[in-house]
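Every read-out reported here was derived from the displayed coordinates using simple, explicitly stated rules and does not represent laboratory data. Small disclaimer: the values here were computed from a predicted structure and weren't measured. Please note: Cβ atoms are built from the backbone with ideal geometry, for glycine as well, and neighbour counts cover all protein chains shown.
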Amino acid sequence: MLNRILFLFLLCCFSEGHAQDSLEVPQPTNLAEASVEKKVQYDTDSEVTPMDFNRETLENFKNDEAFDYTEIKPDEDNWWAQFKRWLRELWYKFWDWLLPDYANSPFWFAVIKALPYLIIAGIIFFVVWLFYRLNPGAKILKSQAAPDVFFTEEEEIIRTKDIKNLIQKALENHDYRLAVRYYYLLILKKLSNAELIEYEFDKTNSDYIAEILSEDINFQFRKATLLYDYIWYGNFTVTETDYQKAAQTFTKLEHQIPEALD
């Protein structure tokens, strides 16, 4: 037993000595090998000029928007962006509820994505169509059309009727009072066409007398007016003889009115 212990002890000592011999690093033979100098070489032959930055040019580059690479992030917190985001989420939630698998179908996904724009276009088209149909700004956007003209009975006779034909029909019906009225209206029409008076339905016969500057025509028109007032407003039966007396005065006045502007 003792021999075994002595053998193991010698074996351990031998192994330790052999390991130390194997780990020994060889030492350099001289100092030149121990300290190798690393030298930095400088170029002393070429003429090197340090770069000079022009501050004015640099400021111009800073102020030029073409060289501004600052990334500006959109403000996602404003109310309009929040409203659009809420609306978009609501839109897709609705389709998720209605068509849960629409995202897996390229066709339905494209349709649902384009549908909001189609709805907006339809609303705009409807508003334009409704505005065109109602046309509330017609009086502003286009020239006003000529309004419908409503004449009094007297105006309608003077402006639109063949008065001589009306006189003839009244005589055929032996309505001499009406024939006198038509003849007086014919005189007013001729005076207006000759620009001796400016006819208006609300003017009186006295107004027309004041407008006529020709003394001869003015005198004859006053006689015709007196006869007209007496016959038309008089409470008596007008005979053919009465009409003939009035017609003579009207005919003489008619011949005095210039025909150039008739």
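Taking θ as phi - 60° and the Karplus parameters 6.51, -1.76 and 1.60, the scalar couplings of the stretch 237-252 work out to 7, 8, 9, 5, 5, 4, 5, 4, 5, 5, 5, 4, 5, 5, 5, 4 Hz in sequence order, x denoting glycine and proline. Taking a ≥ b ≥ c as the square roots of the eigenvalues of the Cα gyration tensor, the stretch 177-262 is classed as prolate, since a/c reaches at least 1.5 and a/b is larger than b/c. Estimated from the Cβ-Cβ distance and a Förster radius of 45 angstrom, the FRET efficiency linking Lys93 and Asn63 is about 0.40.
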